[in-house]
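Below is one structure, written out as structure tokens, with a few remarks after it.
Derivation of every value follows stated rules applied to the coordinates shown; laboratory data play no part. This structure is a prediction, so every number in the text was calculated from the model and none was measured. Heads up, the Cβs are rebuilt from the backbone with ideal geometry, glycines too, and the neighbour counts pull from every protein chain shown.
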Amino acid sequence: MISKITDFFYKSIKSPAVRKKILITAVILVFFRFAAHIPAAGIDRTSLRVLFGGSALLSLLDVFSGGTLANFSVMALGLTPYINASIIMQLLTFVVPRFEELSKEGEFGQEKINQYTRFITIPLSVFQAFGMYMLLKSQGVIQGLSALSLVALVVTMVAGTMLAIWMGELITEYGVGNGVSFLIFAGIVARLPVSVGRSFSTYQSQNLFSLLIFAILSVVTIALIVFVNEATRKIPINYARQSRRVVSGINSTYIPLRVNQAGVIPIIFAVSLVLIPSMLGQFLGTVENSSVSSFANRLVTLFDPQSFLYNAFYFLLVVGFTYFYTSVVFNPEKISENLQKNGAFIPGIRPGSHTLKYLNYVLNRITLVGALFLGFVAILPSLMQVFLGISNLVIGGTGILIVVSVVLEVTRDLEAQLVMRKYEGILKK
């Protein structure tokens, strides 16, 4: 196994084009991590560390920002505003006919949608930057700023988010894998030593048997994530006119339907939304009105990361976004039309509407399995804390899922690049 891995990376580095992509990705990651440590002005670092150390909610936000929030760097907002803008644009494509038409116009339409997403990101970044300032001010982490200083702070944080988006798009276009997912992956990996240290900092008070079970469950979870991400349902396809195929012995093919069509996107979307009630509660908690303050405290309590309501809401969001994003990336109607145009059919299923119904039936069944698995992984940290009593488990199943999924995605991308270069070499000969 180790020899196969080393051989794969040797082939990747040996190819000039793939080596260039890896080098570009590495350089962008270095700049991203460097920018993540440039601090914003006016922050009490000691108070900030104490605040994040005692809040599970803020610690979770810090993990997904790659440590930029705990440092309160110029990239403190991370990619969260862009992810929220992407959710809004995806919803608008189902509601606004103009956006729906753009989504069907191929590369040009996708480029315009990405442009509108960036436009929506700017006001969302401004709102989140101001909300973060008010939250930290209420906790005594940041002193009251003048109007000009506040504007400068908000502009700095918005610029940091747009810089992160630009770096992610550079990786997508010139590097390896999806840029946004890769930057989130890099942030989680960068914070992994700190998260693991926090999780096991109370080792003396933990039961050794519980820690052993936790280690075994972690390995099993990683194995299950790999299995579900790679699992596919193969739907056989035959052709009505295939004399050449029959002669060559190839008389059928198949459509691979992945159990987890949506990848890590549902988790990333759900994390962006599940934290909104708690953040809103902490923001409203600074209001002097007693009724509003009481409601805010109740909201924070209900949506505490260890509460049942928070985990139930998180689970349902992941399941819902899995179905939603699967419908975006996989279109059974288009596949059914293409099969009919090419004289292809599923054995035992009539072309046209019957094929469409069958594809929807199969897709809904396998998506349910993938959605439930993603939801289970999302709430896995809370389950482990309840049943094993291991506290400070910040990184959790969500972070592991993103890390493993991005590694698999990058591996597939590199394999595709190597295969493409191989065929190019054959064609040149």
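Just list whichever of Lys20/Lys234; Lys112/Lys334; Lys21/Lys341; Lys104/Lys234 have alpha carbons separated by over 30 Å in the model shown. Long pairs (Cα-Cα over 30 Å): Lys20/Lys234; Lys21/Lys341.
Convex hull volume of the Cα atoms of segment 62-193, normalised per residue: 119 Å³.
Stretched out straight at 0.36 nm per residue, the stretch from Lys112 to Lys334 would grow longer than its current Cα-Cα span by 77.7 nm. With a cut-off of 11 Å between beta carbons, the residues surrounding Ser405 carry a summed charge of -1, where Lys and Arg count +1 and Asp and Glu -1.
Backbone amide hydrogens, once placed in the peptide plane, bring Arg233 within less than 5 Å of Leu257, Arg258, Val259, excluding anything fewer than 5 places away on its chain. Between Leu383 and Ala26, the modelled label-to-label distance comes to 3.9 nm, taking each label 7 Å out from Cα in the direction of the beta carbon.
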